[in-house]
Every structure is written in C-alpha cells, then in structure tokens.
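The block underneath contains the structure these notes are about, expressed in structure tokens.
Readers should treat all values here as calculations from the given coordinates under stated rules, not as data from a laboratory. From a predicted model like this one, the values you see are computed outputs, not experimental measurements. Here Cβ is always computed from backbone atoms with ideal geometry, including for glycine, and neighbour counts include all displayed protein chains.
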Amino acid sequence: MIGGADFARTCAEAVRLRLAAVTIVPADLDDAARLVRDTPVTLATVIDPAGGATTAVKQYAARDALRRGARIVECAIHARRMLSREFRSVESELQQLAAACHEAQAIFRLAVPRWESNAEEFEILTARLARRAGVDALSTDDLASAQRLLGLAREGYRVYLRTLTANSDSILGARAAGCAGVIVASETPENLLASLVSRSSEAPG
C-alpha cells in the first residue's frame, strides 16, 4: 500500500504502464483519485489490515474511502471473532461492508489470514460467509489456501494471491490455480511490470 511522498510518482507510473490497480493509503486517496481519473487504473485501498476494528469504524472507513475515489476496498477478516466462532457477527459485518461498496459500484475484497490450526475448516467457513455476504473477492498469501478457496467459490467470489515479490513461482502458480490476479507489494511499478512480463513469458502456452 503506497503513501507518503512517493504516491504521486507511483500513481503516474501506474497510469503510464497501464497497471490494473494501485493501492493507496486512505489519507492520500483524494490526490490519487485526481491522478488516475479517466485512466484504466483502478484505485484501491485497505481500511483495516489487521481486521480487529469495530464494525462501525470499518463502515465509516469504507464509506469515506469510497467517497474519496477508491473503487476496491480491502479489509481483513475479523480473525478473533472467527476463532471464537462468532460467525453471525462476522457475516453481518461483511454484508454491511459489501453493501456499502456495491452502492458505490465498487469491489469489496476480503483478506484471509493463514490459520494456525484447522485451516481447511476455517477456509470452508470463510468461503460460506463470503458467498452469503456478497463479498466480491478474497485474497490470501498462501497458494495452497488460494486453491482451496477457489474450489469452494461456486462462482461466488474471485481469489487473488498476495505476495511480497513478483517471483516466477507466485505468478505462474497463481495462473495455474485459476486466481483472478496477483497482488504484489511494490513501490516500483516499472520494475514490477518488467518482472511480470519476463516471468509470464516462461508460462507454457
């Protein structure tokens, strides 16, 4: 997620390179929206990376981000409530956030953690809650988890793989698994795009 002094340069490079999206910290959304207006680049933001904020705080943050130009809003699932099996509370929160995004014709993306225990059970529960709540996409940093979540999607959501580096394993693995895309944490879009182009050429077909 880009912010601070470099966000304007990063937005300009994203537009020039025609990247699908650029993720900006909420504080810089107003200026970033002006920089990517009338371009193919979608403006994304993360409102609660840890997922532990209250529903009211998340609702306010989501609506504020949407009002200021974000068209992809990501929030981490409330892991403590999941582990406490407070599924109705989690589902209600997801429904409210998805509804706020859909009212603004935006995408709501849910970040899923690596569960330390009973991972497959919690992935099944997460998939069920996401489908019922109208979540548009899930993101995970684990390829095996992405594959399982895709198998549970029933066309209810898309799955993205998060990675810190654009390496061949993550890019080609995500493609083979059927992921909708790869979310790479990079503040140098030009280097990132060159890496992606180079590695995508390694894929068969």
Does the chain classify as rounded, prolate or oblate by the C-alpha gyration tensor (a ≥ b ≥ c root eigenvalues; a/c under 1.5 gives rounded; else a/b over b/c gives prolate, otherwise oblate)? oblate
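With r defined as the distance between the Cβ atoms of residue 131 and residue 38 and R0 fixed at 41 Å, what FRET efficiency is calculated, to the nearest 0.05?
0.75
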Using the Cα centre as the reference, give the magnitude of the dipole from point charges on the C-beta atoms of region 22-102 (Lys, Arg: +1; Asp, Glu: -1; all else neutral), rounded to the nearest 20 debye. 200 debye
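For region 118-182, which GluC sites (Glu not before Pro) pass both filters: DSSP loop (anything but H, G, I, E, B) and at most 12 other C-beta atoms within 10 Å? Could the numbers behind the result be given before it?
Numbers: sites: 120, 121, 123, 155; in loops: 155.
Taking region 118-182 and a limit of 12 other Cβ atoms within 10 Å, the loop GluC sites (Glu not before Pro) found are 155.
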In terms of the Cα gyration tensor, with a ≥ b ≥ c the square roots of its eigenvalues, is region 1-99 rounded because a/c is under 1.5, prolate because a/b exceeds b/c, or oblate? prolate
What order, most packed first, do the peptides 43-51, 99-107 have when packing is the mean number of other Cβ atoms within 10 Å of each residue? 43-51, 99-107
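Grab the DSSP H runs of the chain that are 4 residues or longer, score each as -39,500 (n - 2.57), total them, divide by all residues and round the 222 nm result to the nearest 500 deg cm²/dmol.
Details: 9 runs with 100 residues, N = 205.
Counting only the DSSP helices, I get -15000 deg cm²/dmol.
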Over all pairs of different Cα atoms in region 1-51, the reciprocal of the mean inverse distance gives a Kirkwood radius in Å of 10.8 Å
